[in-house]
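The structure appears right after this line, and notes come after that.
Any read-out appearing in this document is the output of simple, stated calculations on the displayed coordinates, not a laboratory observation. Being a predicted model, the structure only gives us computed values, none of them experimental. Heads up, the Cβs are rebuilt from the backbone with ideal geometry, glycines too, and the neighbour counts pull from every protein chain shown.
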C-alpha cells in the first residue's frame, strides 16, 4: 500500500479518534500546523503529526511549535536561545503516526518530545481496514486546559467548510470525467459513421 498523509489521517479519524468531537486535517488553529487536530469529548486538544518517512520524522524536532522564543530583547543584545517545549501550544497530548514499515525502535530518540506518543499503522487484507497499534502512549500536558464552546464551534466550522470544499472538488472531477467519456463516445460515433 502507498501510504499518504490522507490515508493515515482518515484511518485515525475513523478508528483511533472516532469518539472525538471534531477531527480536522491540516489545521493551524493552535497557532502551529497540525496534520490532524482532534477535539476530545472533554474539549481537550490532541495534535497528531503524520509521518510517511524516517527523514520527515527526524526533521519534525526543528519545527517552531517545539520551541519557545523569548520576545523581549533589544537590538544590539544577544538574542536568548529558544527553550524546548514538551508539548505544542494549547495541546493536551501529542502523537506521531506513521506506517509500521518505516518504524524502528531507535527512532524513539528522534521524536521531537519525550512526551509524544507513537501510533503505527499497517494493513490487513481489506484495503479499507487498518491495524492501528499504540507503541507509546502520549503524556498529558498538565498545563493544558479544555477549550471553550466558541473555540469548538470555530474548529467545527473549519471542518464543515473543508467537507464542502472536498465535495466541490469531487464534483468537479466527476464532471470532468463525464466530459471525457462523452467526448470519447462522440469520437467513437464519428469514426463509425465515416464512409
For the chain, share of DSSP beta bridges that run antiparallel, in % to the nearest 5: 65
Kirkwood hydrodynamic radius (C-alpha pairs) into Stokes-Einstein, region 1-67, 10 °C and 1.306 mPa s, D in µm²/s: 126
Helix 149-193 vs. the chain, principal-axis angle (Cα, 0 to 90°, nearest 10): 20
Ascending count of other beta-carbon atoms within 10 Å, so fewest first, for 160, 151, 116: 160, 151, 116
Residue exposure sequence - 34, 27 - by fewest surrounding Cβ within 10 Å: 27, 34
In nm, spacing of pseudo-spin labels at residue 161 and residue 137 (7 Å Cα→C-beta vector): 3.7
nm² value of the averaged projected area, convex hull over the Cα atoms of region 83-172: 9.1
Ranked list, fewest to most other Cβ atoms within 10 Å of each Cβ, for 92, 103: 103, 92
R0 of 30 Å, Cβ-Cβ distance residue 19-residue 175: FRET efficiency to nearest 0.05: 0.25
FRET efficiency, residue 185 to residue 102 (Cβ-Cβ, R0 35 Å, nearest 0.05): 0.20
Options (1) 1.35; (2) 1.52; (3) 1.17 - which one matches Cα Rg over 2.2 N^0.38 Å as calculated here: (1)
Most mobile of 164, 29, 67 in a GNM of the chain (Cα contacts under 10 Å): 164
